[in-house]
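Just below is one structure, and these are the notes that go with it.
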Amino acid sequence: MNNNKAKISFLGAAGEVTGSRHLLEANGSTILLDCGMFQGHRSDADSKNRTFTFPPASVDAVMLSHAHVDHCGLMPLLYRNGCDAPLYATSGTAEITAVMLADSSRLQVADAQFYNKIHAAEHLSIEPLYTEEDAALALGHMKPTDYNSDFEPAPGVTARFLNAGHVMGSAMTQLDLETSGGRRRILYTGDLGRQEALLLETPAAPEGVDYLIIESTYGDRLHEKLEDAAGKLAGVIKRAVKENGKIVIPSFALERTQEIIFIIDKLRRDKSVPEIPIYVDSPMAISLTEIFNKRREDFCFDDKFKAYARMDGDPFGFDYIRYLRSKEESQSLNNKSGPMLIISASGMCEGGRVLHHLRNNIGTESTTILLVGYQAAGTLGRKLQDGIKKVKIFGMEHEVWARVETMHTFSSHADKADLSVFIKAVNPARGIFLVHGDPEARSALSAALAADGVKNVKCPAMGEVFELN
């Protein structure tokens with residue numbers, strides 16, 4: 001009889017969306033699946049982010065699904081605290097993560113300095129989680145790996161990255177390993193893409209999976225159709241031009257910004273909207289868009305996007321969009337009148353330059369704040385989405401007079417139907433773990449699966465451990 005014991009501990013994104021962190025122990029080795037940053041109320045998130053419930057030095061390998069900060073954002077802290085393990089990711093994710101972590105560290109330092117400055121009289125101060133040196137330490141352990149290529153992250157464990165269809169470079173992690181019950185296959189989806197997408201190839205279900213660890217962000221709802229996105233964005237632009245107003249789009253720098261630019265490019269080509277000054281005000285988004293442009297023939301991109309990019313020659317608008325890198329260029333927008341469209345990070349309004357644009361425009365009725373992604377509970381983005389009329393930005397209260405609108409169309413996460421189709425196609429033999437979802441979304445998906453006869457579905461709690469056999 002095989003005496004190998006395998007277990008998995010859910011240490012983040014269990015009953016919530018951010019902070020993905022799952023610890024797999026098998027064959028005497030420890031493999032960490034993602035190490036993401038918790039996002040939400042500053043004090044609560046800070047406590048979670050600074051605390052590891054396992055010794056970082058005990059990790060033998062780290063598998064990174066993709067470069068969003070809620071999946072990679074704590075890598076610098078992990079390695080600063082003693083981890084010396086190889087960090088595996090696809091080549092696309094490796095390149096993007098270098099940009100994301102460097103930018104994240106700079107933003108944390110800058111936000112802490114600004115917060116400490118305006119609260120100096122109150123003797124309040126915060127410290128950044130990590131520095132650029134810590135980010136460089138983590139990136140020094142990166143091992144870029146091809147899609148669909150087997151490798152051995154730990155003795156007796158065979159791994160393979162499969163296209164996840166979520167963002168460029170995103171991957172599902174497939175692991176084959178020994179357990180007390182025999183050889184088992186585990187599939188961790190990370191964040192899973194939609195069955196219809198603007199830029200990326202849709203994810204395919206692998207065979208022979210025993211245990212499935214899958215996200216459930218939108219497990220309780222269906223997305224608006226992507227074909228409706230252009231019309232809705234065109235309507236917002238036409239109104240801003242008519243009213244000489246500003247459109248502020250808090251956008252995730254990775255994927256969402258590029259999707260919005262791509263749609264705008266098609267609208268301009270079709271002459272469906274009047275011309276409006278467009279600014280991308282995020283050094284990170286600019287760097288990432290350059291990577292997208294350079295890699296637009298990569299494996300993970302959809303054939304329809306590749307064909308458009310070849311025909312258009314400039315699918316990300318470098319010839320007409322003002323891409324702003326310097327602080328001075330960013331600040332100059334405060335003194336410019338509309339109409340204009342500003343795309344800036346972060347997508348949940350929890351840091352970065354978008355906070356300054358919100359601070360300067362949130363009290364103006366002709367401003368439209370257009371939310372184009374998931375807003376986690378406790379974030380400023382969620383508060384705006386929920387219609388709260390007074391919000392704090394950098395600790396100072398602001399009245400909300402701007403229009404706040406949400407477009408769910410752009411989500412790069414699978415919705416309830418997509419998740420159900422994928423789970424049934426995988427048909428895991430021994431169990432399903434739903435992670436990366438708020439309680440309501442996760443419960444709704446679990447109930448829907450049960451109603452369809454899908455068994456062995458579990459919703460792990462934070463810190464819960466399960467034996468795999």
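Every number here is computed from the coordinates shown, using simple stated rules; none is lab data. Computed from a predicted model, the values in this text were never measured in an experiment. In this analysis, Cβ positions are derived from the backbone assuming ideal geometry, glycine residues included, and neighbour counts consider all displayed protein chains.
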Rule-of-thumb check for the stretch 1-86: C-alpha Rg over 2.2 N^0.38 Å?
-> 1.10
Once you have a ≥ b ≥ c as the square roots of the Cα gyration tensor eigenvalues for the stretch 310-469, tell me rounded if a/c is under 1.5, and otherwise prolate or oblate according to whether a/b is larger than b/c.
-> prolate
Gained length - residue 364 relative to residue 180, 0.36 nm times residue gap less alpha-carbon distance | 60.0 nm
For a label point 7 Å from the Cα of residue 232 along Cα→C-beta, name the residues of the stretch 349-369 whose backbone N is under 20 Å from it.
-> 349, 367-369
May I ask you to compute the full-extension gain from residue 319 to residue 306, defined as 0.36 nm times their residue separation minus their alpha-carbon distance, rounded to one decimal in nm?
-> 2.8 nm
Express in nm, to one decimal, how much length is gained between residue 403 and residue 440 on full extension, taking 0.36 nm for each residue of separation and deducting their alpha carbon distance.
-> 10.6 nm
Simple spin-label model, 7 Å along Cα-to-Cβ: residue 239 to residue 118 in nm?
-> 2.7
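Mean shadow of the chain, computed from the convex hull of its alpha carbons, in nm²?
21.1
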Set 225/306; 117/336; 238/392; 238/389, cut-off 28 Å on Cα-Cα distance; pairs above it are 238/392
Which of rounded, prolate, oblate describes the stretch 76-126, given a ≥ b ≥ c as roots of the alpha-carbon gyration tensor eigenvalues and a/c under 1.5 marking rounded, otherwise prolate only if a/b is larger than b/c?
-> oblate
Taking a crude spin-label model, label points 7 Å out from Cα along the C-beta direction, the residue 425 to residue 51 distance in nm is 3.9
Using Cα pairs closer than 8 Å and at least 6 residues apart in sequence, work out the relative contact order for the chain, in percent.
-> 20
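For the ranges 183-195, 439-451, 165-177, 263-275, what's the packing order if you count other beta-carbon atoms within 10 Å of each residue, average per peptide, and put the highest first?
165-177, 183-195, 439-451, 263-275
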Just name one of 463, 396, 36: the one whose Cα is farthest towards the positive end of the charge dipole of the chain (beta-carbon charges, Lys/Arg +1, Asp/Glu -1).
-> 396
Equivalent ellipsoid dimensions for the stretch 226-410 as semi-axes, Å, which come from the Cα gyration tensor, largest first = 27, 17, 16
